[in-house]
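Structure, as structure tokens:
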Amino acid sequence: MCSLSMVAKYLLIVGGLNWGLVGTGMLANATESWNVVNMLLGNWPMVEGIVYVLVGLAALLKLVGCRCAKCTSGVCTDCGPKSGEQKM
């Protein structure tokens, strides 16, 4: 897997879990926020904003697809088959 796809994958996992917890907290009528990113980076609102932008960019990357040399040549195990393998 290329590095960009791997980072995007982890950012999407973190973002999905974070929004899942936010929604669960809202449905449970929790008095405090269950936003993990805010809990960890609440003292640094600029860094928190950067994390949210990176998660959004990761979603766009997964939506459009990675265009790096490794992925376009079909070597990336996440984006395409290894040489000699068939796509299913």
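What follows draws every value from the coordinates through simple rules; no lab data is involved. Quantities reported herein were computed from a predicted structural model and do not represent experimental measurements.
Computed quantities for the displayed model
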{"item": "Percent RCO, i.e. relative contact order, over the stretch 3-72, from Cα pairs under 8 Å lying at least 6 residues apart", "result": "43 percent"}
{"item": "The stretch 3-72 - Rg and Dmax from Cα coordinates, angstrom", "result": "14.4, 48"}
